[in-house]
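Everything on this sheet refers to the single structure shown next.
The values are calculated or read from the model by the stated rules, or taken from the named source; none is laboratory data. Small disclaimer: the values here were computed from a predicted structure and weren't measured. Reconstructed Cβ throughout: ideal geometry from the backbone, glycine too, with neighbour counts over all protein chains shown.
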């Protein structure tokens, strides 16, 4: 048999591994900062660029796309070359991918802190960066698929199935959710509004968890866990069932993020049904991973690497049990908008993604540097410190979530809310927030130990950037099935057919749920009284988005007595038709604002109250943990793009009259002067052209249109 000599590219693996460690430390440090901000508001630093609303999306993007993203690419570039017995298709594409991805991360951090955001969770980045992400992702895909084409190994191993599905699904999700019309270089509006925008966003948001935080890591599990344990995968047949069932079912589950909200019931029902079904393939994958270690449990006791991997797979099982459970409507009624969801997410992020990444790095770097891990004791210390940190972080948040929902829903013997003041539920959970900080410090300390351990490991070895290997030449592939060959084994020799079937599996669910809501107008009943935002309100809304207010405040009153008693009438589909983007939120650290403009309502506050609250929240509510926003009173409202904003809104179907863009500035000034006069009458001198005026105008608009609403089917 002819042997061919070729070289694995270890340099690209090393670069992505270094980036993983760097951005992991940065992302965790930023996470620690926002945990401190919730427990101790002083850590907002009274500075415009360091408030919780601006820093929180930096943390989520840094962990998801910088830390976890680079970890994925580290594992993919290492394992694909060895599984396919070939070098990556193009060194140039590998370099473009690496440096392009790091550029995206830096641009994301800078723009998010500067307030340039779409406010859509995990998809906050503005349109130029979205385009760059699409380009770099395609570069990665070409490199990956090209490697599959020039492979020497006939059959494509299970890990690569998951890599391929991740590439295809993320491309569809990113492009589908990022269709927007630019207003300026770093400002745009999404083409979807209200219910449509919410459905598309959570189709993306849920499946970003599925196809960026889950499926590629399952590929890493299927490669690195057997390698670390030196044992074959437990069941090939189970891996087939796991793969196809998972990628088909996942795409249907997005609507479970919108239960009891202004979404058609049939979409909610589909999301719930498929979410419950998800437990079967998810636990099938977990069992396949854990049972791979059968007969190797003595190794687990002695190996920090295997301990990390075992806990990672266990955390995956826990999170994928809890996810379907939280999709049950009676459970979701309790959990949604609370810290319960935050705890759930961090079990997945810290346990599944974090621990598997730690185990992979501990195993991989000594391999490519041809040395041994510097200290097994330090690695074991990291494991126990990180495990304790994860528990100290998540358990208090579960407790906080249970406390929040029980207090929000409690009525006294006279039939009134037992805790009508939302702030009383916040102060009750502050000890849990403080304990979370301690857990975060432990987890971060463990990561620091890992970086030190791996730096010492790297310094003790020498990397061979181009590792010389030999493998048999690629055999001539048969077009038809071979005798005794199963259909799936045949398919594993046909990457194009495999990719097409994978694409079909991931597209079906999203298409069936999204297209009817976008195309069939009657799915979103209109409300005659709902009118477009005035120019001043539109500018105020953009400031609200810029400051990340959606990270703490929802704008969605669910049809529960506890919520309608606290906030006012429940939300309807038709009241959001001009919201580009939607602002329903996913967490209530502060009260819901959907009815804050209803003058006769429970949430209405005067312009004077809002002014004082923004200048110093604790002057109005002594125990508030909200940051100060004094710059609202100092910064002049920038209306240079107002005309373009109105024109873009008109192109999106918002019914401003023809020629309204030319009149918008005059109308804005007139409304601003009225609010400034109201403040002056209460003793507050502020110019009508300040940002404060616009934000107050926006808050005074919320819910106002539907106080005398008529719904038209």
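Taking the numbered list (1) at pLDDT 95 or above; (2) touching a helix residue (DSSP H, G or I) at 6+ places or on another chain (Cβ under 8 Å) in turn, residue 152 passes all entries but (1). When segment 38-52 is filtered for residues that are crowded, with 22+ Cβ neighbours inside 10 Å and part of a helix (DSSP H, G or I), the ones remaining, listed by number, are 38, 44, 52.
The residues in segment 175-189 that are out of contact with any helix residue (DSSP H, G or I) (no Cβ under 6 Å at 6 or more places or on another chain) and under 16 Å from residue 254 (Cα atoms) can be counted, and the count is 1. Would it be correct to say that residue 645 is touching a strand residue (DSSP E or B) at 6+ places or on another chain (Cβ under 8 Å), over 19 Å from residue 184 (Cβ atoms) and modelled with pLDDT of 95 or more? So residue 645 fails the test.
Under the condition of being free of Cβ contacts under 8 Å to residues at least 12 places away in the same chain and farther than 22 Å from residue 427 by Cβ, the residues counted in segment 1-44 number 2.
Of the helices (runs of 4 or more DSSP H) that lie entirely inside segment 420-511, those containing 3 or more residues that are touching a residue at least 12 places away in the same chain (Cβ under 8 Å) and surrounded by 14 or more Cβ atoms within 10 Å (Cβ to Cβ) span 422-428, 430-459. Restricting 590, 540, 585 to residues that are touching a residue at least 40 places away in the same chain (Cβ under 8 Å) and in contact with a strand residue (DSSP E or B) (Cβ under 8 Å, 6 or more places away or on another chain) narrows the list to 585. Would you check if residue 183 is in contact (Cβ under 8 Å) with a residue 60 or more places away in the chain and more than 15 Å from residue 121 (Cα to Cα)? Considered against the rule, which asks whether it is in contact (Cβ under 8 Å) with a residue 60 or more places away in the chain and more than 15 Å from residue 121 (Cα to Cα), residue 183 comes out as yes.
Results for (1) buried (at least 23 other Cβ atoms within 10 Å of the Cβ); (2) touching a helix residue (DSSP H, G or I) at 6+ places or on another chain (Cβ under 8 Å); (3) at positive phi, shown as yes or no for each residue.
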| residue | (1), (2), (3) |
| --- | --- |
| 90 | no, yes, no |
| 98 | no, yes, no |
| 107 | no, yes, no |
| 110 | no, no, no |
| 115 | no, yes, yes |
| 137 | no, yes, no |
| 145 | no, yes, no |
| 156 | no, yes, no |
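For segment 350-364, indicate whether the set of residues that are closer than 15 Å to residue 228 by Cα, surrounded by 17 or more Cβ atoms within 10 Å (Cβ to Cβ) and either in the same structural domain as residue 559 (by TED's automatic domain parsing) or in contact with a strand residue (DSSP E or B) (Cβ under 9 Å, 6 or more places away or on another chain) (or both) is non-empty. The answer is no, given that none of the residues of segment 350-364 is closer than 15 Å to residue 228 by Cα, surrounded by 17 or more Cβ atoms within 10 Å (Cβ to Cβ) and either in the same structural domain as residue 559 (by TED's automatic domain parsing) or in contact with a strand residue (DSSP E or B) (Cβ under 9 Å, 6 or more places away or on another chain) (or both). Those helices (runs of 4 or more DSSP H) of segment 268-375 in which 2 or more residues are farther than 30 Å from residue 462 by Cβ occupy 279-291, 297-302, 304-326, 329-335, 339-346.
Here's the yes/no breakdown for (1) within 19 Å of residue 494 (Cα to Cα); (2) at pLDDT below 95; (3) assigned to a helix (DSSP H, G or I); (4) over 18 Å from the mean Cα position of the chain (by Cα):
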{"position": "104", "(1), (2), (3), (4)": "no, no, yes, no"}
{"position": "123", "(1), (2), (3), (4)": "no, no, no, no"}
{"position": "173", "(1), (2), (3), (4)": "no, no, yes, no"}
{"position": "181", "(1), (2), (3), (4)": "no, no, no, yes"}
{"position": "204", "(1), (2), (3), (4)": "no, no, yes, no"}
{"position": "208", "(1), (2), (3), (4)": "no, yes, yes, no"}
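For segment 652-674, the count of residues that are touching a strand residue (DSSP E or B) at 6+ places or on another chain (Cβ under 6 Å), modelled with pLDDT of 95 or more and not assigned by TED's automatic domain parsing to the domain that holds residue 187 is zero.
Residues checked against (1) surrounded by fewer than 19 Cβ atoms within 10 Å (Cβ to Cβ); (2) touching a helix residue (DSSP H, G or I) at 6+ places or on another chain (Cβ under 8 Å); (3) assigned by TED's automatic domain parsing to the domain that holds residue 261; (4) on the phi > 0 side of the Ramachandran plot:
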{"position": "518", "(1), (2), (3), (4)": "yes, yes, no, no"}
{"position": "521", "(1), (2), (3), (4)": "yes, no, no, no"}
{"position": "537", "(1), (2), (3), (4)": "no, yes, no, no"}
{"position": "547", "(1), (2), (3), (4)": "no, yes, no, no"}
{"position": "556", "(1), (2), (3), (4)": "no, no, no, no"}
{"position": "560", "(1), (2), (3), (4)": "yes, yes, no, no"}
{"position": "575", "(1), (2), (3), (4)": "no, yes, no, no"}
{"position": "584", "(1), (2), (3), (4)": "no, yes, no, no"}
{"position": "589", "(1), (2), (3), (4)": "no, yes, no, no"}
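Restricting attention to segment 301-332, the residues that are without any contact (Cβ under 8 Å) to a residue 40 or more places away in the chain and over 30 Å from residue 269 (Cβ atoms) add up to 4. Tell me yes or no: at least one residue of segment 392-407 is out of contact with any strand residue (DSSP E or B) (no Cβ under 8 Å at 6 or more places or on another chain), under 23 Å from residue 14 (Cα atoms) and assigned to a helix (DSSP H, G or I). The answer is no, given that none of the residues of segment 392-407 is out of contact with any strand residue (DSSP E or B) (no Cβ under 8 Å at 6 or more places or on another chain), under 23 Å from residue 14 (Cα atoms) and assigned to a helix (DSSP H, G or I). I'd like to know if segment 136-153 contains one or more residues that are under 25 Å from the mean Cα position of the chain (by Cα), closer than 30 Å to residue 631 by Cβ, in the same structural domain as residue 469 (by TED's automatic domain parsing) and part of a helix (DSSP H, G or I). For segment 136-153, residues under 25 Å from the mean Cα position of the chain (by Cα), closer than 30 Å to residue 631 by Cβ, in the same structural domain as residue 469 (by TED's automatic domain parsing) and part of a helix (DSSP H, G or I): absent. Restricted to segment 666-684, and to residues there that are surrounded by 15 or more Cβ atoms within 10 Å (Cβ to Cβ) and touching a residue at least 60 places away in the same chain (Cβ under 8 Å), the residue that is farthest from residue 537 (Cα to Cα) is 684. Only a single item in (1) surrounded by fewer than 20 Cβ atoms within 10 Å (Cβ to Cβ); (2) at negative phi; (3) outside any helix (DSSP H, G or I) is not met by residue 86, and it is number (1).
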